[in-house]
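Peer 1: The structure that follows is given in the form of structure tokens.
The values are calculated or read from the model by the stated rules, or taken from the named source; none is laboratory data. Since we're looking at a predicted model, the values are computed, not measured. Because the Cβ atoms are built from the backbone with ideal geometry, glycine has one as well, and the counts that use them run over all protein chains shown. In case anyone asks, the SASA skips ligands and DNA or RNA and just uses the protein heavy atoms, side chains included. Shrake-Rupley method; radii C 1.70, N 1.55, O 1.52, S 1.80 Å.
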Protein chains: 2
Amino acid sequence: MAQEIERKLLVDELPDDLDAWRARRLEQGYLAITDEAEIRIRRADDNDAWLTVKSAPSLSRVEEELVLDADAFERLWPLTEGRRVVKVRHTREDAPGMTFELDVYEGALAGLVTLEVEFASEEDARAWTPPPWAGRDVTGDKAYANQTLAVHGAPRSASRDD
Amino acid sequence: MAQEIERKLLVDELPDDLDAWRARRLEQGYLAITDEAEIRIRRADDNDAWLTVKSAPSLSRVEEELVLDADAFERLWPLTEGRRVVKVRHTREDAPGMTFELDVYEGALAGLVTLEVEFASEEDARAWTPPPWAGRDVTGDKAYANQTLAVHGAPRSASRDD
């Protein structure tokens, strides 16, 4: 699988047109988080579900997604207790090869909103100007990785642009 | 999934009729081993492959097996480095509800042979008399759990009945 080129920013206020974006509520939980890998299950509100294995960022990138049926998801979910994230993911294709994913977190993470933008090239990523409603750039900041959020909650200054 | 009722013994010498048992070579590796769960991938010599999630024995038992295609197995296998077991599994149905699995380990574990017998009931398990070629009973001994063997190798007295 190709290397992902993306930037991640905090969101200070929701964009006006958010209702027009595609939205899916995602429940995700971690079966295991180790130095080498994370194994996650995720279910969307249309009941599609997956198990994903990702290597740690430091290792040669492996990301493998397996489809889970609804029953299997239900049986595995209890194993993720204490390592969960629930969020509504709003998605918009901003331009060819450029996808916006705006995640509005729920539960213990309520108040946290992030924007991830995936680019077709490093050049596009560098050239991009964030929208005015986006805040601090947290690209590569482990504190905002979903596995960290699931286990440790949101950093204190999550919603501030400081 | 139903509770497994099984006993596990070391094997001192291979049974004479082993050639008549069904045999499959299995490569298995652990993507993650935590206090709560193990996530394992396994491939048989006919190229069937699976990813299995098991809860830790202390927790309410969950065991979920997902089919992996050959390519997915190949991509995930590098993530199991240092946590692998290769063995030939010989299988025989000894009686209805009673399955013998005799595992002949290879590589770093060569010399280790175990027998696992699965029973239909606790009563059957207690009443069972092991065959003369079987040795020490290691039922419930964590040192002989495959995840331990994969990470730490065989206990020193593995092939002795002491």
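Peer 1: Could you run through region B:1-33 and say how many residues are touching a Ser or Thr at 6+ places or on another chain (Cβ under 7 Å) and free of Cβ contacts under 8 Å to residues at least 12 places away in the same chain?
Peer 2: The qualifying residues number 1.
Peer 1: Inside region A:1-15, can you point out the residues that are within 14 Å of another protein chain (Cβ to nearest Cβ) and touching a strand residue (DSSP E or B) at 6+ places or on another chain (Cβ under 8 Å)?
Peer 2: A:Met1
Peer 1: Here's something else I'd like to know. In region A:19-31, what count of residues is obtained for those that are more than 17 Å from the chain's Cα centre (by Cα) and open to solvent by less than 20 Å² (accessible area, probe 1.4 Å)? First the steps, then the outcome.
Peer 2: Step one: filter region A:19-31 for residues more than 17 Å from the chain's Cα centre (by Cα), giving A:19-20.
The next check asks that each one be open to solvent by less than 20 Å² (accessible area, probe 1.4 Å); those that pass are none.
Here the count works out to 0.
Peer 1: Scan A:Thr148, A:Thr114 and give me the residue that is touching a residue at least 12 places away in the same chain (Cβ under 8 Å), of a type in the set (Ser, Thr, Tyr) and open to solvent by less than 70 Å² (accessible area, probe 1.4 Å).
Peer 2: Residue meeting the stated conditions: A:Thr114.
Peer 1: A further question on this structure: Can you report the number of residues in region A:39-61 which are in contact (Cβ under 8 Å) with a residue 24 or more places away in the chain, more than 14 Å from the chain's Cα centre (by Cα) and facing chain B (nearest Cβ under 10 Å)?
Peer 2: 1
Peer 1: Right, next: Do you know which of the residues in region B:101-147 that are within 13 Å of B:His90 (Cβ to Cβ) and of a type in the set (Ser, Thr, Tyr) is nearest to the chain's Cα centre (by Cα)?
Peer 2: Of everything passing the filter in region B:101-147, B:Thr114 is nearest to the chain's Cα centre (by Cα).
Peer 1: So, A:Asp71, is that one over 17 Å from the mean Cα position of the chain (by Cα) and either of a type outside the set (A, V, I, L, M, F, W, C) or away from chain B (no Cβ under 14 Å) (or both) or not? Talk me through it step by step, then tell me what you get.
Peer 2: Numbers: over 17 Å from the mean Cα position of the chain (by Cα): yes; either of a type outside the set (A, V, I, L, M, F, W, C) or away from chain B (no Cβ under 14 Å) (or both): yes.
In short, yes.
Peer 1: Kindly provide the set of residues from region A:65-97 that are open to solvent by 70 Å² or more (accessible area, probe 1.4 Å) and either out of contact with any strand residue (DSSP E or B) (no Cβ under 8 Å at 6 or more places or on another chain) or within 22 Å of A:Gly153 (Cα to Cα) (or both), ordered by number.
Peer 2: Correct list: A:Asp71, A:Glu74, A:Pro78, A:Glu81, A:Arg84, A:Pro96.
Peer 1: Filter region A:16-38 for residues that are away from chain B (no Cβ under 14 Å) and either β-branched (Val, Ile, Thr) or part of a strand (DSSP E or B) (or both) and give the result.
Peer 2: A:Arg22, A:Ala23, A:Arg24, A:Arg25, A:Leu26, A:Glu27, A:Gln28
Peer 1: Moving to a separate point now. Among the residues that make up region A:43-64, is at least one of them touching a Pro at 6+ places or on another chain (Cβ under 7 Å), under 26 Å from A:Ala108 (Cβ atoms), surrounded by 15 or more Cβ atoms within 10 Å (Cβ to Cβ) and of a type outside the set (Gly, Ala, Ser)?
Peer 2: The answer is no, given that none of the residues of region A:43-64 is touching a Pro at 6+ places or on another chain (Cβ under 7 Å), under 26 Å from A:Ala108 (Cβ atoms), surrounded by 15 or more Cβ atoms within 10 Å (Cβ to Cβ) and of a type outside the set (Gly, Ala, Ser).
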